[in-house]
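**Q** To start, I am sharing the structure in question, which I have written as structure tokens.
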Amino acid sequence: MLKDSPIISASPEIMGGAIVFAGTRVPVQTLLDYLKAGESIDDFLDGFPTVTKEQVIALLEEAGKQFASMVA
């Protein structure tokens, strides 16, 4: 997918290797948890100001592409 891209990264030294938004210590899983709980992207961004809206949108767009290619 996007590992070690401008959008996400993973390193054993950062959050134990969890996939995080690039340049932050914010796990992508945190965004997914917010969305699962019915929170908005803006709510997430308010809580994690080091993540940009562009990163979130790019991640979701890429995830959508990956999902579409799996079912095509």
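The values are calculated or read from the model by the stated rules, or taken from the named source; none is laboratory data. Not measured: the values here are computed from a predicted model. Glycine also receives a Cβ, built like all others from the backbone with ideal geometry; neighbour counts cover every protein chain displayed. Surface areas here come from the heavy atoms of the whole protein model, side chains and all, with no ligands, DNA or RNA. Shrake-Rupley method; radii C 1.70, N 1.55, O 1.52, S 1.80 Å.
**Q** Determine the gain in length on full extension of the stretch A18-V71; use 0.36 nm per residue of separation and subtract their C-alpha separation, reporting nm with one decimal.
**A** Stretched fully, the A18-V71 segment lengthens by 16.4 nm.
**Q** I want the local charge near S40. Using Cβ-Cβ distances under 14 Å, sum +1 for each Lys or Arg and -1 for each Asp or Glu among the other residues.
**A** For residues surrounding S40, the net value is -3.
**Q** Pop out the carbon and sulfur fraction of the accessible area of the chain as a percent, whole number, probe 1.4 Å.
**A** That fraction is 59 percent.
**Q** While we're on this one: If you roll a 1.4 Å probe over the heavy atoms of the protein chains, what accessible area per residue do you get for the chain, in Å²?
**A** 65 Å²
**Q** As a test question: what accessible area, to the nearest 10 Å², does L35 have when a 1.4 Å probe is rolled over all protein chains in place?
**A** That residue has around 60 Å² of solvent-accessible surface.
**Q** Sticking with the crude label model, points 7 Å out along Cα→Cβ, report the distance from D42 to A63 in nm, one decimal please.
**A** 2.0 nm
**Q** Where the only charges are on Cβ atoms (+1 Lys, Arg; -1 Asp, Glu), what is the dipole of segment 21-72 about its Cα centre, to the nearest 20 debye?
**A** 200 debye
**Q** Can you give me the long-range amide H partners of I8? Hydrogens built in the peptide plane at 1.01 Å from N, cutoff under 5 Å, separation of 5 or more residues or another chain.
**A** Answer set, sorted by chain and number: A22.
**Q** Residue-wise, which Karplus ³J(HN,Hα) couplings in Hz belong to segment 16-33, taking 6.51 cos²θ - 1.76 cosθ + 1.60, θ = phi - 60°, and x for glycine or proline?
**A** For segment 16-33, the Karplus-derived couplings read x, x, 4, 6, 10, 5, 3, x, 9, 10, 8, x, 4, 4, 5, 4, 4, 5 Hz, x marking Gly and Pro.
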